[in-house]
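What follows is a single structure, written as structure tokens, with notes after it.
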Amino acid sequence: MLGFGLAIEPQLWALIFVMVRVGSAFVAAPVFGNVSVPLQVRVALSGAIGVMVLGSHPIQPPAQIFAVTTFLAVAAEALVGLALGFVLQIAFAAPLVAGEVIGGSMGIGFANMLDPTTGRSSPAIGRFLSVMLTLLFLSLDGHLVLVDMILKSYVAMPPGAAWLAAGQMRDIAMFGGYMFLAGLLLALPVGFLLLCLNLVVGMLSRSAPALNLFAVGLPASLAVGVVSLAIAFPAMGDYMQVVIREALAATSSLVLG
């Protein structure tokens with residue numbers, strides 16, 4: 001009998017309590033948190049992983065459901081889950097930054113497409129780079145590492161003592177700057193060539209004012225951008241793997257210290 005005469009099976013209440021942290025991580029994490037993933041799938045995955053947690057860790061949920069301590073414990077569980085997923089989501093924003101830089105330099109910043117991860121429009125190049133990063137994330141078993149970090153978080157931050165410390169919150173904020181660094185480094189090979197092209201076009205406009213720059217500059221930017229993207233794809237793919245490893249390392253540091 002738990003609070004106000006409400007009877008809930010203890011095992012079911014423990015599973016629901018565990019699913020708060022797991023479900024919060026899936027809401028904020030990439031891949032799992034995509035709007036294209038049905039809610040029923042997220043709930044089913046949260047329940048399955050919750051069963052794994054209960055089988056490997058002795059979790060004691062609060063005895064009283066409608067109590068201030070219970071609400072605080074649930075909020076702490078949600079905070080930990082959101083932090084675990086948010087760190088990975090920061091890294092997945094780097095391709096969007098790179099897409100903005102490359103698309104603006106190529107003159108196709110207006111080319112947008114629907115992003116299934118957020119349900120909003122995003123630059124086409126940034127969306128393409130995001131798909132590449134997602135495939136690399138899955139190929140490196142990043143989703144399995146995330147599940148493993150969730151399981152380990154119950155040892156480092158057990159229920160009842162799951163509030164994040166000030167140092168951990170600072171680390172999350174500091175890692176947010178890595179998104180801009182990674183995005184600029186992803187766009188650096190293509191952006192540098194396009195910058196050189198813009199300098200050449202600018203000198204041509206000074207030397208030949210009658211030259212129609214729109215008829216020459218835009219096709220040249222598109223051609224140089226496409227060719228440089230094709231050449232830079234291997235290097236960009238290698239750096240995307242570095243981005244994924246840095247995000248997983250930041251998640252591990254958040255959990256294990």
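Which semi-axes, in whole Å and largest first, does the equivalent ellipsoid of the stretch 8-54 have when worked out from the alpha carbon gyration tensor as the square roots of 5 times its eigenvalues? The partial results should precede the final answer.
Values: eigenvalues 88, 18, 13 Å².
Working from the Cα gyration tensor, I get semi-axes of 21, 10, 8 Å.
Once Rh is set to the Kirkwood radius over Cα pairs, what Stokes-Einstein translational diffusion coefficient, in µm²/s, holds for the chain at a temperature of 25 °C and a viscosity of 0.890 mPa s?
Details: Rh = 20.6 Å.
Translational D for this selection: 119 µm²/s.
Counting heavy atoms of the protein chains only and a 1.4 Å probe, report the per residue accessible area for the chain as a whole number of Å². Walk me through the numbers on the way to the answer.
Details: 13020 Å² over 257 residues.
Per residue, the chain has an accessible area of 51 Å².
Angle between the Cα long axis of helix 39-56 and the longest principal axis of the chain, 0 to 90 degrees, nearest 10?
50 degrees
Under 13 Å from the 7 Å Cα→Cβ point of residue 75, by amide nitrogen: which residues of the stretch 149-189?
Label zone hits: 163-164.
For the chain, with all protein chains present and a 1.4 Å probe, just round the carbon and sulfur fraction of the accessible area to a whole percent.
On the way: 9600 of 13020 Å².
Solvent-exposed carbon and sulfur of the chain make up 74 percent of the total.
Using only Cα positions of the stretch 120-257, each an equal point scatterer, no hydration layer, compute I(q)/I(0) via Debye at q = 0.13, 0.17 Å⁻¹ and quote the log10 values to two decimals.
Debye intensities relative to I(0), on a log10 scale: -0.74, -1.01.
Quick check on the stretch 1-102: what are the equivalent-ellipsoid semi-axes from the Cα gyration tensor, as sqrt(5λ), descending, whole Å? Mind dumping the intermediate values first?
Details: eigenvalues 210, 40, 25 Å².
Gyration-tensor ellipsoid for the stretch 1-102: 32, 14, 11 Å.
Which order do the peptides 12-19, 82-89 come out in when sorted by mean C-beta neighbours inside 10 angstrom, highest first?
82-89, 12-19
Would any residue of the stretch 215-231 have its amide N under 16 Å from a label point 7 Å out along Cα→Cβ of residue 205? List them or say none.
It comes to 215-222, nothing else.
Given charges of +1 on the Cβ of Lys and Arg and -1 on the Cβ of Asp and Glu, with all other atoms neutral, how large is the dipole of the chain about its Cα centre, in debye to the nearest 20? Provide the component values of the computation, followed by the final result.
On the way: 8 positive and 9 negative charges, 63 e Å.
For the chain, the charge dipole is close to 300 debye.
The values are calculated or read from the model by the stated rules, or taken from the named source; none is laboratory data. It should be emphasised that the depicted structure is a prediction, and the values quoted were computed from it without experimental measurement. Don't worry about glycine lacking a Cβ; one is built from the backbone with ideal geometry, like all the others, and counts go over all protein chains shown. Quick note on the areas: whole protein, heavy atoms, side chains included, nothing else; ligands and nucleic acids left out. Shrake-Rupley method; radii C 1.70, N 1.55, O 1.52, S 1.80 Å.
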